[in-house]
Each structure stands twice: as C-alpha cells, then as structure tokens.
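Asker: Got a structure here, written out as structure tokens. Questions coming.
Every number in this text was worked out from the coordinates using simple rules, so none of it is lab data. Computed from a predicted model, the values in this text were never measured in an experiment. A quick note on method: Cβ atoms are made from the backbone with ideal geometry, for glycine too, and the neighbour counts reach across all protein chains shown.
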Amino acid sequence: MSAILRLAWQSLANRKTTALLTLLTVAISVTLLLGVERVRTQAKASFANTISGTDLIVGSRSGQVNLLLYSVFRIGNATNNIDWQSYQEISQHRAVKWAIPISLGDSHRGFRVIGTDQTYFEHYQYGNKQPLSLSKGRPFSNLFETVLGAEVAKKLNYQLDDDIVIAHGISDKAFNRHDNLPFKIVGILAPTGTPVDRSVHVSLAAIEAIHVGWESGARLGNTPDAINFANHQFEPQQITAAILGLQSKIQTFALQRYINTYKKEPLSAIMPGIALHELWGMMSVAEQALLVVSVFVVVSGLLGMLTSLLTSLNERRREMAILRAMGARPGHIFFLLVSEATVLTTVGIVIGTVLLFCILLVLQPLIQQQFGLYIAITALTSHELSLLGLIQIAGILVGSIPAVRAYRHSLADGMTIRI
C-alpha cells in the first residue's frame, strides 16, 4: 500500500502543472466555504452578544424589531418618545433593579449621539455579561463632556481633551450644528465589537441644553453658550428608550404586561433575546444563501478535480496498461487513482485552511473597523472540521469515478491502438 501511495505522489509530481491547478481550485473552494461559515457564525454570535444582562427594553408603542433596532443597534428612529415622568415611575417600580435612560436624535459626523447618565457605564453589558470599560479617561461628569466609542475615536483620530461639535438630527451640516456648545472628550471606551463603538455619549442634561433656542429642528435666533448654562440645572422632558434590569427573572412577564398596558401613554416592553431571535430570523435567507453559494463553489472545485483526473486518465492509458502488464492488479490501479484524488483533496484542504487564517490575519482589523464585526482567529470548530471531513469524503468519491473506469479497462484500453 505504501508503494502505491508513493507511486501516486510521484505521478502527481510528474503532472505538477495540472496537479497544482487542481490543488488551487480545491484550496480556494475550501477557503471560501470556511470563510463564509466563520463569518456567518461569528456574525450571529456578535449579533446575539450586542446586549447582555438586560431583561427588558422599553420604548414607545411599536414593533419589537423596530424598538430593538433604534435602541440597541442605533438604526432608524423611534415613532415617539417616552415622557420623563413615565420613565421615572417605571424605573422606581419594585421589580426594577436598575434602569438606563437613552435619548437619541443627534449625531456627530455620521455617528449617533446617545444621551444617557452614569447608569449606562455601570450597568450596560454586552457579550457574556461583559461591562463597559474605558481605555482612556473617565465617564462624563460635567454638562458639556463626552465619552466616545472606540471606533469613533479611532476613525476620526480623536484624543482626550479634544473638542467636538454635535449636529441636530442624523445629517451633519453647517446649518444644523450646535457649534456654540462644543463638547470636551473626557473618556474613550474600550472596543466591544457592538454599536457602542460607533456612539458618542453625552449626558441627558446636555441633550436638553444644546436644544435651548431650537424648535422643530431649526435654530430660532441666538442660542446661549456654555457660560450661560454654568449654574443651570436641566431635567429631561422626554427620552427615546429605557433599558431595564430586574430584581428577578420571574418578574419579567408581569412587568412587561404592566408596561404594555401602561395607562398614561402607549408603551412597549420587549425582551431583547426574543427580539434578536426574530430579527436574525428575518436575515436567515441571506445567511442560507451565502452558505449555498459556498457549497456550490466546493462542488465546482471537486468537479474540476474530476475533470482533471478524467482528462489525465485518457493520457495515461498506456501507463495503466504497463502497470497491469508488470503485475499490478485491477485493485492496485483503482487504489492508485483514488489515492491521487485523496492526496489532492487533503493537500487542498490544508492549503485552503492555511490560506483562510492568512486572510483573516490581514483582513480582521479592516472588517472590524468597517463593519464592526470581530472575527476571532481560533482553532477550527467541530462543525468546521465536519465540513472538511465531508469535503474529504466527497473528494474520495470523486476520485473513485475515474478509478472504476481504469479498473475495468486499463489493460485492454491501453493496448488498443486508437486512430
């Protein structure tokens, strides 16, 4: 058997150009399959880990996906706001352990501005109940101070003590900037791989202050500067959403029913886990489409190998006949060709896997920066190993097709003169 394996390797070396092209085809298909699978699983994990340790998210009456999108992913806008008195009443409910108010509506150079308070830095969690941490500085404490997400600071090259100007609304134009009230950067959060990295955080009081003199999104006359607000106490009138942590998980459904039937204004309370599952279900079509495309690429790679083996078999008719004439049995011929396909598939899988890790080393920071998706460079998972095992088995089966043909006709076919 070892002699046949050695012969298979020497045969492939003799046809190195064809073998290398076949290897490249298999390797690229393996790289694409593993890459798509890793992006799919990491995206799903990152998606599910965007918010953690939260029992309920409260917002104005709307669908749970819409509420999740604007409160957690900072996508879109709320249909309405929550009255501050309603928020205070809900946050002081006996079932609530902590509450984080969130106010949206402004932006800075394409990044969303989040109005909140100190509870955000104390209780907001992501991943496996990981708390937020600061890589530099401290949380805001004064009126016109801000804490930036990691991506905002990196992309705009901001440092501590730099001043930034917030714009009214999503678009950042000269006419809608609050340029009379700049904010000083006092903290930069450590990367989280979540929308927190792409957010600018200020106090709720600051959100109220910068909108003094504004009405319906327009500046009406002169607006005060920071000196005028030095000793002024601002209390929010409304917020966009609230994130709640409860004393006990058992109280979740009772509090959710209480909020959904709140009499003072129409509100919705959603459980983030269920909303995330629904949102991911809406995206599952694209997820499955990616997987199907990558599977077809692998199939095309294996068909390319089959074509190569069948073509080379036609050129090796006399080689097979000589081997038979020298005493090789039909089973030896069969095993020789299957061994060639096995070697090609195995080496292609190894090269494709190494190529995947090389690509990840280069593209990982770019993917995280551009799309906020962190793809971990870890050992192959059991699922990925099973996929590679299926490719190996498929390669052996593909190699058996020309092997069966050679098994049946090697001697007579090789000795026949074709005109």
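Asker: Over all distinct alpha-carbon pairs, what is the Kirkwood Rh of segment 82-202 in angstrom?
Answerer: 15.1 Å
Asker: Cross-link partners among lysines for K184, C-alpha distance below 26 Å, same-chain residues fewer than 8 apart left out?
Answerer: Straight-line reach from K184, under 26 Å: K136, K154, K155, K173.
Asker: Given labels modelled 7 Å from the Cα in the Cβ direction, how far is it in nm from V212 to S171?
Answerer: 2.8 nm
Asker: Here's another thing I want to ask about it. Where does each of 58-68, 385-395, 353-363 land if you order them by average Cβ count within 10 Å, highest first?
Answerer: Values: 58-68: 20.0, 385-395: 16.1, 353-363: 14.3.
The peptides rank, most packed first, as 58-68, 385-395, 353-363.
Asker: Under a Cβ-only charge scheme (Lys and Arg +1, Asp and Glu -1), can you give me the dipole magnitude of segment 56-270 about the Cα centre, in debye to the nearest 20? Before the final figure, lay out each step's value.
Answerer: Working: 20 positive and 18 negative charges, 165 e Å.
The dipole of segment 56-270 has a size of about 800 debye.
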